[in-house]
Amino acid sequence: MGFDARHVAGVWVGRPDGTPLPGATGAALALPILARVMELVPAAPLAPLRVRGGGAALAEAVDQLRLLFPPPGAVVERGDLVLRAQGGQRPLTFLVDGAPLPREPARRDLGWTPPGPGIYRVTVLDAAGRAAGATIRVRGE
């Protein structure tokens with residue numbers, strides 16, 4: 001037996017008198033047929049999407065400031081990194097351990113080379129004062 005949201009199907013593989021088929025199993029014989037039957041029946045229609053009020057909340061979620069790279073807890077090799085943010089109001093300011101990096105107002109990414117191995121706190125601030133950040137570890141020589 002198999003079912004989905006709209007259909008139920010059953011497959012019988014065996015002798016009409018019900019006597020067993022030596023070596024035959026439902027998994028080996030009936031299941032492939034049932035899977036094919038379920039592929040052939042029309043799919044259940046998708047439920048309609050309902051739009052609720054709250055466009056402002058959606059806009060706020062879309063505009064939420066996020067630090068995309070590096071992610072929290074990242075362990076990266078020493079070398080050039082590209083810090084990347086999403087959302088927020090420009091200009092964005094990137095900080096490492098509280099010290100601002102040179103700003104490029106129209107960009108949402110910024111190159112940074114860690115001075116050496118260690119633990120760093122990377123933060124991005126937007127024009128509205130919102131912040132997002134991550135603590136990362138840089139490995140190296």
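The values are calculated or read from the model by the stated rules, or taken from the named source; none is laboratory data. All figures in this text were calculated on a predicted structure; none of them were measured in a lab. FYI the Cβ positions are ideal-geometry reconstructions off the backbone, even for glycines, and counts take in every protein chain you see.
How about the stretch 75-108: which of its residues are among the small types (Gly, Ala, Ser) and within 17 Å of the chain's Cα centre (by Cα)? If the condition is that a residue be among the small types (Gly, Ala, Ser) and within 17 Å of the chain's Cα centre (by Cα), then Ala85, Gly87 are the ones that fit. Looking only at residues of the stretch 108-124 that are surrounded by 14 or more Cβ atoms within 10 Å (Cβ to Cβ) and part of a loop (DSSP other than H, G, I, E, B), we find that the one that is modelled with the lowest pLDDT is Arg108. Just so you know, in the stretch 9-61 the residues that are outside any loop (DSSP other than H, G, I, E, B), modelled with pLDDT under 65 and of a type in the set (A, V, I, L, M, F, W, C) include one that is surrounded by the fewest Cβ atoms within 10 Å (Cβ to Cβ), and it is Ala56. Residue check: Pro102 meets all listed conditions (1) surrounded by fewer than 11 Cβ atoms within 10 Å (Cβ to Cβ); (2) without any contact (Cβ under 8 Å) to a residue 60 or more places away in the chain; (3) over 24 Å from Asp63 (Cα atoms); (4) not acidic (Asp, Glu) but one, namely (3).
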